[in-house]
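Scroll down for the structure; my scribbles are underneath it.
The values are calculated or read from the model by the stated rules, or taken from the named source; none is laboratory data. Fair warning: this is a prediction, and the values are worked out from it, not measured in the lab. Neighbour counts are summed over all protein chains in view; Cβ atoms, including those assigned to glycine, are modelled from backbone coordinates with ideal geometry. The accessibility values were calculated without ligands, DNA or RNA, using every heavy atom of the protein model including side chains. Shrake-Rupley method; radii C 1.70, N 1.55, O 1.52, S 1.80 Å.
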Amino acid sequence: MAANYWDSTQAKYWTFTNAELAEMRQELADSEQQHDLSTRFPLPDRRLVSIYLQHNLVRLAKRMSLRQQALATALVYIKRYYLRVEIRRTNPYLIMTTAVYLACKMEECPQHIRLMLGEAARQWPEMGVSESSKIGECEFALISTLNSRLIVHHPYRSLAEFTPLFGLTGDEQTLAANIINDSYNTDLSLTSAPHIIAIAAIFLAVVLRPTGQAAQNYTAASSPASLKQVGPKLGKLVDWLAESKVDMGAVVDATQEMISLYEVWEQYHERICRESFAKFMHTANK
Amino acid sequence: MNLTPYTPQQHVNDLYDIVGFISSGTYGRVYKAVSKRTAPAQAHKHPTTGRPIEAFAIKKFKPDKEGELQYTGISQSAIREMALCTELSHPALIHLVEIILEAKCIFMVFEYAEHDLLQIIHHHSLLNRTPIPASTLRSCLFQLISGLLYLHRNWVIHRDLKPANIMVTSSGAIKIGDLGLARMFYKPLHALFSGDKVVVTIWYRAPELLLGSRHYTPAIDLWAVGCIFAELMSLRPIFKGEEAKQDSKKAVPFQRNQMGKIAEILGLPKKQDWPLLTAMPEYQHLGTVGVYNQAVNRPVGLERWYRTTMGNNNYAASNSPPPSDDALDLLQKLLEYDPLKRLTAEQALEHPYFVGADGNDKVSWNCFEGLETKYPARKVTTEAQEIGTSSLPGTKRAGPSDDIGLYGKPGFKKAREG
């Protein structure tokens, strides 16, 4: 729970190594092999699919004035769910709607199921759902697949705690929060403790900041030149990390993960994702 | 399109035999059950004792609308309880064994507790007219506050502590139950007030809630503990007020009667003792309490209430020593008006009442230790009868009930309701 991430169901049951994730995904793919789904319906890189889901969810969230944390919780539910269920066997728009509906209850900003359906149906006509009971049924499937482990720890809280410690400016904090938002498109929420992700985000924010570039300028962080420009703040961060018991290897890995996400991001095209979703959804309907 | 149809993986009737009906509430019904998984390897073991669990209490959440044959979305309270019970684990917290999601119906399977504090209070007040032994009282309070400390350290406020929600196992272990109203309080997205306007059964509701506080804290649970402590001593609710119901405009009314019951004993709160009192939304109503209830102007005082209660208890006759005066001091510090001055769970556990004068007086985790009497087992009804419609605060259990069993089959229900 809040005070105790290490005792949480997230730490105990929903955190994996990269190798374990690869194995779980391979098992899922193998079990689907006879149906030939992945060859018939190729999908872009997993991270690009995730960006597509997140973009769509952000639009819905803006419309419904939902808070970032509820959105982040919904994203984690979706990531966990698709670790157990092949995405091509689902209606991703219904899964997204249901994940938001459930996350809003969990994060204490509940939305009425009919309002949820109305907003989702308006935004995603391709969802093809007109009864709120379908969301209700999907909610059972979602909770069951997640084993009722619904409390999610996010890096935002660690960021809030680290901000005064490292003397981050408002801009740096905002940038770090945006990088955390982006991190939901990687596997970090399935592999890393929230404070590791927060530190990686702060590190990137501090490094990126002097170049005056926003998080969307992905390649900046990977250029060695930008590293030279960073001042005493980074030194303080590095000193603190050296003295703390934080797993530096994990921070470096998380930072790498983010940098490679921003490289992949260059190839993102919303249309390609939408069309590849439409193909498997269309076929499954027959 | 793929609609993620839900196919239950498990059926409650395949796994459990229902022994009978225990209680009901707005959430649904609770049944006593035994496991059908008889092989030792399959038996559920208790996480802290390692002993196999012999009996279970199964909480069946009813759909929002009775007889609803469609999925309507799970209530927020059920979601909270499912998530929190899955996440939390402590010896003084009721242990969740599993959650079974059947078609349209949720069953939460808990370890069964033979008693609860309300039942124990009733046993003493109605049947044998003896006080609860001081050792039992002390152990109950200690375990209860230990469980509460765990909740608060995990940023959870229980919000509905009352004797009926505090279970006691046959081996004397206290188990806090019913987390349906509990919620996390670390930087909530909305002010805590905005979600559920009314929390805590009226008799156990803290003064800051009665005065409309919007940013209440874990201290509300400690007030409830104080009320429960007093009730365990006197065998009746200390502040037994009448709840003012919401009017047609759905405005939350000022609970004048309840405030009056508190003030009859403690006196009205004063701003010199409670600096933020004047900032309370309902502060202007406080002056009217004395107009309707003259007794608040000549309050009994908690110490006199305590002395009278102890005198009435006649410990000498019941062959059990009375509690030490540390009990009074602890009670006063729990029933403190100012939530900022009220003891926290952590402070309460360090109180001399628990640690003793020399600082190493151990409290037993078995509240029945040294007792000769045995409390009667929980009433479990098997016959099918109509359920009562009204339920009083603190007495959520309804006696016999319309026992529809655990057949969540739509056809079965339909037949009954049609």
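Some values worked out for this structure:
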{"item": "q = 0.13 Å⁻¹, chain A: log10 I(q)/I(0) [Debye, one scatterer per Cα]", "result": "-0.93"}
{"item": "Spatial extent of segment B:257-345: Rg and Dmax, with the Cα atoms as the point set, Å", "result": "15.6, 49"}
{"item": "Pairwise burial B:A, computed as accessible area of each alone minus the pair, summed, 1.4 Å, Å²", "result": "3700"}
{"item": "Angle in degrees between helix A:132-145 and the longest Cα principal axis of chain A, rounded to the nearest 10", "result": "60"}
{"item": "Stokes-Einstein D for the protein assembly as shown, Kirkwood Rh over Cα pairs, 37 °C, 0.692 mPa s (µm²/s)", "result": "117"}
{"item": "B:Gln332/A:Asn147 FRET efficiency (R0 35 Å; Cβ-Cβ; nearest 0.05)", "result": "0.20"}
{"item": "Chain A, dipole about Cα centre (Lys/Arg Cβ +1, Asp/Glu Cβ -1), debye to the nearest 20", "result": "700"}
{"item": "Rel. contact order, % - alpha carbon contacts under 8 angstrom, at least six apart, chain A", "result": "23"}
{"item": "In nm, spacing of pseudo-spin labels at A:His282 and A:Arg59 (7 Å Cα→C-beta vector)", "result": "1.8"}
{"item": "Sequence-distant aspartates and glutamates (8 or more away, or on other chains) whose Cα lies within less than 12 Å of B:Lys175", "result": "B:Glu111, B:Glu114, B:Asp116"}
{"item": "Förster-model FRET efficiency, 30 Å R0, B:Glu303 and B:Lys341, C-beta, rounded to 0.05", "result": "0.95"}
{"item": "Drop in accessible area of at least 20 Å² in the complex versus isolated chain, residues of segment B:146-168, 1.4 Å probe", "result": "B:Asn154, B:Trp155"}
{"item": "Pairs of Cα atoms farther than 32 Å apart, segment B:116-355, %", "result": "18"}
{"item": "Lys/Arg +1, Asp/Glu -1 at C-beta; segment B:116-355 dipole; positive extreme among B:Gln246, B:Pro131, B:Asn154", "result": "B:Gln246"}
{"item": "Portion, in percent, of the accessible area of the protein assembly as shown that falls on carbon or sulfur, probe 1.4 Å", "result": "52"}
{"item": "Charge dipole (debye, nearest 20) of segment B:116-355; +1 at Cβ of Lys and Arg, -1 at Cβ of Asp and Glu", "result": "480"}
{"item": "Estimated distance in nm for a label pair at B:Arg129 and A:Arg274, the labels positioned 7 Å out from Cα along Cα-to-Cβ", "result": "8.0"}
{"item": "Relative contact order of segment B:116-355, pairs being alpha-carbon contacts under 8 Å that are 6 or more residues apart, as %", "result": "23"}
{"item": "Accessible surface, the protein assembly as shown, averaged per residue in Å² (probe 1.4 Å)", "result": "44"}
{"item": "FRET efficiency, 1/(1 + (r/R0)^6) with R0 30 Å, evaluated for A:Glu161 and B:Arg214 via beta carbons", "result": "0.75"}
{"item": "For segment A:48-109, projected area of the alpha-carbon convex hull averaged over all directions, nm²", "result": "3.8"}
{"item": "For segment B:1-108, diffusion coefficient by Stokes-Einstein and Kirkwood Rh (Cα), 37 °C, 0.692 mPa s, µm²/s", "result": "214"}
{"item": "Helix A:232-243 vs. chain A, principal-axis angle (Cα, 0 to 90°, nearest 10)", "result": "80"}
{"item": "Cα centre as origin, Lys/Arg/Asp/Glu Cβ charges: the protein assembly as shown dipole, Debye", "result": "1500"}
